[in-house]
Amino acid sequence: KNQVEQSPQSLIILEGKNCTLQCNYTVSPFSNLRWYKQDTGRGPVSLTIMTFSENTKSNGRYTATLDADTKQSSLHITASQLSDSASYICVVSGNTGGFKTIFGAGTRLFVKA
Amino acid sequence: DVKVTQSSRYLVKRTGEKVFLECVQDMDHENMFWYRQDPGLGLRLIYFSYDVKMKEKGDIPEGYSVSREKKERFSLILESASTNQTSMYLCASSPHSGVGGSPLHFGNGTRLTVT
């Protein structure tokens, strides 16, 4: 069964600290993995996309990693800011003749001053 | 910037009412999608459309229908609203290069409450 599991469910950190969010998936065959950020009351916005051959990709203070062998991805946030408070959603697309896109339930990040 | 606009941020409807959720995108995207988002669950696909007048069922189409008469507009219809359809509904669009290869552009959602 194609699944995307994210951990932790929620996380509270102090402003300026780093954090890492995890995503494990069982989607096969794998096409790509995206991380989205969803601010409260808004729709998700794409942060990064990673394909099978990519191990690391950065977008400002956000760095995503992918291990296609173990089917794991992480999103590392450096020097967190209050505006990083949001839900972070891992989305995996498989290539099964048509496209199959599976969404994780998200990690809710709270950054405190 | 792509803009996906959902006509209502909040809706409260009674059980049995017919409900229309409207979505408009301004980037000439071929693909449009309707998802629902519930706490503790990932977004679940209700319906999608890859062209005008074309529609495909997603993972949870029961109790819903859609209409795409114009390329920029994709409507979600609840023929007879029920309390288990209380949820956040998100519309999204993407160009025809394939869902996997292009990001989904989301609207800000419609929070529907059915009483």
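The values are calculated or read from the model by the stated rules, or taken from the named source; none is laboratory data. Everything numeric in this text was worked out from a predicted model, so none of it was measured. Cβ coordinates were reconstructed from backbone atoms using ideal geometry, including for glycine residues, and neighbour counts include every protein chain displayed. Protein only, heavy atoms only, side chains kept; ligands, DNA and RNA dropped before computing areas. Shrake-Rupley method; radii C 1.70, N 1.55, O 1.52, S 1.80 Å.
What shape does region B:1-47 have by the C-alpha gyration tensor, where a ≥ b ≥ c are the square roots of the eigenvalues, rounded means a/c under 1.5, and otherwise prolate means a/b greater than b/c and oblate the rest? Verdict is oblate for region B:1-47.
Look at the dipole of chain A built from charges on Cβ: of A:THR107, A:MET50, A:CYS23, the Cα furthest out on the positive end belongs to A:THR107. When you filter the chymotrypsin sites (Phe, Trp or Tyr not before Pro) in region B:30-90 for DSSP loop state and at most 12 other Cβ atoms inside 10 Å of their Cβ, nothing is left.
Here the label points at A:PHE52 and B:VAL52, each 7 Å from Cα along the C-beta direction, are separated by 3.8 nm in the simple model. For region A:26-69, which chymotrypsin sites (Phe, Trp or Tyr not before Pro) are in a loop by DSSP, counting at most 12 other Cβ atoms within 10 Å? The qualifying sites are A:PHE52. Only lysines eight or more places from A:LYS1 in sequence, or on another chain, were considered; those with a Cα closer than 26 Å are A:LYS37, A:LYS71, A:LYS100, B:LYS55, B:LYS57. With only Cα atoms counted, chain B has Rg and Dmax values of 13.2, 40 Å.
Solvent-accessible area of the protein assembly as shown (1.4 angstrom probe, protein heavy atoms only): carbon and sulfur portion equals 49 percent. Each eigenvalue of the Cα gyration tensor of the protein assembly as shown, multiplied by 5 and square-rooted, gives one semi-axis; in descending order these are 29, 21, 16 Å. Given points 7 Å out from each Cα along the Cα-Cβ axis, report the A:ASN2 to B:LYS13 separation in nanometres with one decimal. The answer from the label model is 2.8 nm. Report D for region A:1-112 in µm² per second (integer): Stokes-Einstein, Kirkwood Rh on Cα pairs, 37 °C, 0.692 mPa s. Translational D for this selection: 234 µm²/s. When accessible surface is computed with a 1.4 Å probe, chains B and A are found to bury approximately 1400 Å² between them, both chains counted. Distance from the C-alpha centroid of region B:36-115 to that of region A:16-61: 22 Å, rounded to the whole angstrom.
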